[in-house]
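Read the structure below first, then the notes.
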Amino acid sequence: MTEKDDVTYSISDLAKEFDITTRSIRFYEDQGLLTPLRQGQTRIYSKRDRVRLKLILRGKRLGFSLSETGQLFELYDADKSSVTQLTIMLKLIEQKKAELHQQMDDIKVVLMELVTVEKRCRETLVDAKNNETKNIESSNQPSSVNGELS
């Protein structure tokens, strides 16, 4: 073991480095994704824990669930050759891409609907303002009876 492998981190070190709360880190630990050593009540995180935390956060940004990330960790722990892990990762990536494409399609439909509703609202508003103006103008006109002004 080299000196670099002996590097350890406190929970607050990791929280500061990754700009997350200590509560989040404890949650990932509760989910079995991180396994720090303990000295009494103090958690001691290894380089491995730090790398896993980085992967958890990257996975979240990419839309992977904690369960999916946990699956990948389990595969890696069981098969260090990473062939199985990479194959599963590629399948997960395909699924995420398909989900994102579906979301983009859904967003496009909603945007088109919003544009249509907005156009109708604007047209109705213009009509309402025109009618209001006509009503005000007609109420300000002097009334005439048989062509005579009153």
Residue count for the stretch 1-27, restricted to those that are farther than 18 Å from T42 by Cβ and at pLDDT below 95 | 5
Select from the stretch 96-122 the residues that are modelled with pLDDT under 95 and of a type in the set (K, R) and write down the one among them that is farthest from G59 (Cα to Cα).
-> K97
Just one of (1) touching a helix residue (DSSP H, G or I) at 6+ places or on another chain (Cβ under 6 Å); (2) buried (at least 17 other Cβ atoms within 10 Å of the Cβ) trips up G63, so point out which.
-> (2)
Are there any pairs, at least 6 apart or on different chains, whose C-beta atoms fall under 9 Å, with the first in the stretch 6-21 and free of Cβ contacts under 8 Å to residues at least 24 places away in the same chain and of a type in the set (V, I, T) and the second surrounded by 15 or more Cβ atoms within 10 Å (Cβ to Cβ) and part of a helix (DSSP H, G or I), and if so, which?
-> T21/A15
Give just the number: which of (1) assigned to a loop (DSSP other than H, G, I, E, B); (2) within 23 Å of S24 (Cα to Cα) does T69 not satisfy?
-> (1)
For the stretch 14-36, name all the residues that are under 26 Å from L92 (Cβ atoms), hydrophobic (A, V, I, L, M, F, W, C) and assigned to a helix (DSSP H, G or I).
-> L14, F18, I25, F27
Picking from K129, K96, K108, K91, which residue would you name as being surrounded by 13 or more Cβ atoms within 10 Å (Cβ to Cβ) and charged (D, E, K, R)?
-> K96
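Tell me, please, whether a residue that is surrounded by fewer than 11 Cβ atoms within 10 Å (Cβ to Cβ) and part of a helix (DSSP H, G or I) can be found in the stretch 37-52.
Taking every residue of the stretch 37-52 in turn, at least one turns out to be surrounded by fewer than 11 Cβ atoms within 10 Å (Cβ to Cβ) and part of a helix (DSSP H, G or I).
The values are calculated or read from the model by the stated rules, or taken from the named source; none is laboratory data. Source: prediction; values computed, not measured. For neighbour counting, all protein chains shown are included, and Cβ atoms are generated from backbone atoms with ideal geometry for every residue, glycine included.
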